[in-house]
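All remarks here apply to the structure that follows.
The values are calculated or read from the model by the stated rules, or taken from the named source; none is laboratory data. These figures come from a predicted structure and were not determined experimentally. Cβ coordinates were reconstructed from backbone atoms using ideal geometry, including for glycine residues, and neighbour counts include every protein chain displayed.
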């Protein structure tokens, strides 16, 4: 998608999963990665079932690899 | 105590922030950029982070430590941007009255950072580059789930 963040309008009561499905449909290359993503809303880990509220910041987090280089 | 920064990391500075007169043990861990990785010669690494969340998750890991051991002084600094061979990517400091808890908690923090803190590493070699995926892809969702179960959310 070539950007690290974007703003989207979604229908009321959209879930994190609903948003992810929309992104996968807009950016098909995400499809292969989708099942490996962790999700966070407003910088807190959560589940795909969470319902979004106005102004929420949603992060889809690929497998992390911080810490030591081993 | 919990910081994502592009600046070089100084373990002594983090120790100075944490260690009190009550402490008899200080466990300091440094992650250092190594030249060989998965059979290749690494030119340099690039770390990227979702910084506001990373710092928050680091603090939550310190809370997990406090729930498991009688250890209250934990610090984690992680560097982002380009890192050369031999440079320090992460510093973890744990200060406590006794050594056993300091060792155990320090190891726990290092393992948890690798599993759940939103930081990513790209290896750059002479002939290419690749983002490094976590230890077990399938385990990652689980790590997130256990983060939630542990009261991280």
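Structure summary
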read-out	value
Residue B:93 being crowded, with 21+ Cβ neighbours inside 10 Å and either part of a loop (DSSP other than H, G, I, E, B) or more than 14 Å from chain A (Cβ to nearest Cβ) (or both)	yes
Per-region count, the stretch A:13-29, residues under 23 Å from residue A:65 (Cα atoms) and buried (at least 17 other Cβ atoms within 10 Å of the Cβ)	1
Residue in the stretch B:46-57 that is touching a strand residue (DSSP E or B) at 6+ places or on another chain (Cβ under 8 Å) and away from chain A (no Cβ under 14 Å) present	no
Residues that are surrounded by fewer than 17 Cβ atoms within 10 Å (Cβ to Cβ), without any contact (Cβ under 8 Å) to a residue 60 or more places away in the chain and closer than 29 Å to residue B:105 by Cβ, drawn from the stretch B:21-56	B:21, B:32, B:34, B:51, B:52
Matching strands (runs of 3 or more DSSP E) fully within the stretch A:21-69 where at least 3 residues are over 10 Å from the mean Cα position of the chain (by Cα) and facing another protein chain (nearest Cβ under 9 Å)	A:44-46
Index of the failed condition, residue B:51 passing every other in (1) at pLDDT 95 or above; (2) under 19 Å from residue B:134 (Cα atoms); (3) more than 15 Å from the chain's Cα centre (by Cα)	(3)
Flag if residue B:56 is over 20 Å from residue B:123 (Cα atoms) and outside any strand (DSSP E or B)	yes
Qualifying positions in the stretch A:30-45 - closer than 20 Å to residue B:134 by Cα, out of contact with any helix residue (DSSP H, G or I) (no Cβ under 7 Å at 6 or more places or on another chain) and in contact (Cβ under 8 Å) with a residue 12 or more places away in the chain	A:33, A:37
Unique match (being free of Cβ contacts under 8 Å to residues at least 60 places away in the same chain, surrounded by 21 or more Cβ atoms within 10 Å (Cβ to Cβ) and under 17 Å from residue B:3 (Cα atoms)) among B:79, B:73	B:73
Residue that is modelled with the lowest pLDDT [pool: residues in the stretch B:18-43 that are within 11 Å of chain A (Cβ to nearest Cβ) and part of a strand (DSSP E or B)]	B:37
Residues of the stretch A:9-20 satisfying the condition of being under 16 Å from residue A:42 (Cβ atoms) and either in a helix (DSSP H, G or I) or touching a helix residue (DSSP H, G or I) at 6+ places or on another chain (Cβ under 7 Å) (or both)	A:10, A:16, A:19
The stretch B:116-136, subset within 7 Å of chain A (Cβ to nearest Cβ) and either modelled with pLDDT under 90 or under 20 Å from residue B:32 (Cβ atoms) (or both), residue surrounded by the most Cβ atoms within 10 Å (Cβ to Cβ)	B:117
